[in-house]
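Structure first, then comments.
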Amino acid sequence: IKAWMNSVRDEDRPELEASWLTLLEDKTTISLEFRFKGNKHTDGKSIDTWVLMSAYPEKNIDGSLKSIFGCITDISSQKWAQKVQNERREEAVELKRQQENFIDITSHEMRNPLSAVLQCADQIVQNIATFSAYTAQKEVELLLESCADAANTINLCASHQKRIVDDILTLSKLDSNLLTVTPADDKPVAIVQRTLQMF
């Protein structure tokens, strides 16, 4: 017995010896996977030599162990395929993680200049409103009204783009179970009016 066990990988040997001892002492069927020393070469690739061993005890009338019937099946190809599949799964998970990080970073970077655009547009609107209060000329009023309308459109478009970025970040938070939902009051007519103004 020890002779063929010497061909088994050192790291798999303790489990094999424990199972074999269970077979000898308890006279129960065993089935386990382990590796032999040395590698197999398949399609130019070196892979571990994995086997599936099943052993069945044959008992005498008095219940003592008469003989052991066992078989070993080469499962190296299946183990190699399983390893490749696990590696691809891990790569897919890592790529997804990197993609989410990229989206998060991009969204944060897009949100920073949008905030500046919104602040500048607000300042333009306030300045025009202040200037209109001191001016009565019709042409100037029309010009200021046009500027105010343009500034408001900038505001709306930037806000819309900011909401898109916020939605991306919200999806990212959903994946991480970090999203908190809070209801907010709004006016449907005002929302439609703002949307029409952008077009």
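Structure notes:
- The set of residues in the stretch 41-50 being open to solvent by less than 60 Å² (accessible area, probe 1.4 Å) and either modelled with pLDDT of 85 or more or not in a strand (DSSP E or B) (or both) consists of D48, T49, W50.
- Just one of the listed residues (N152, N177, N127) is open to solvent by 50 Å² or more (accessible area, probe 1.4 Å) and at positive phi, and it is N177.
- Some residue of the stretch 51-58 being open to solvent by less than 40 Å² (accessible area, probe 1.4 Å) and not in a strand (DSSP E or B): no
- Search result, residues across the stretch 144-189 that are over 23 Å from the mean Cα position of the chain (by Cα) and within 18 Å of F102 (Cβ to Cβ): none
- Selection over the stretch 151-179 of residues that are in a loop (DSSP other than H, G, I, E, B) and more than 22 Å from I105 (Cβ to Cβ) gives a count of 0.
- Every residue from the stretch 11-40 that is without any contact (Cβ under 8 Å) to a residue 12 or more places away in the chain, over 36 Å from the mean Cα position of the chain (by Cα) and open to solvent by 60 Å² or more (accessible area, probe 1.4 Å): P14, L21, E25, D26
- When K187, K162 are checked against the criterion of being farther than 16 Å from V117 by Cβ and open to solvent by 50 Å² or more (accessible area, probe 1.4 Å), a single residue qualifies: K187.
- Flag if V117 is β-branched (V, I, T), surrounded by 10 or more Cβ atoms within 10 Å (Cβ to Cβ) and in contact with a helix residue (DSSP H, G or I) (Cβ under 6 Å, 6 or more places away or on another chain): yes
- Residue-level analysis places K138 among those that are modelled with pLDDT under 75 and either polar (S, T, N, Q) or open to solvent by 60 Å² or more (accessible area, probe 1.4 Å) (or both).
The values are calculated or read from the model by the stated rules, or taken from the named source; none is laboratory data. Just so it is clear, the model here is predicted, and its values are computed rather than measured. When we count neighbours, we look across all protein chains shown, and the Cβ atoms used for this are built from the backbone with ideal geometry, even at glycine. The accessibility values were calculated without ligands, DNA or RNA, using every heavy atom of the protein model including side chains. Shrake-Rupley method; radii C 1.70, N 1.55, O 1.52, S 1.80 Å.
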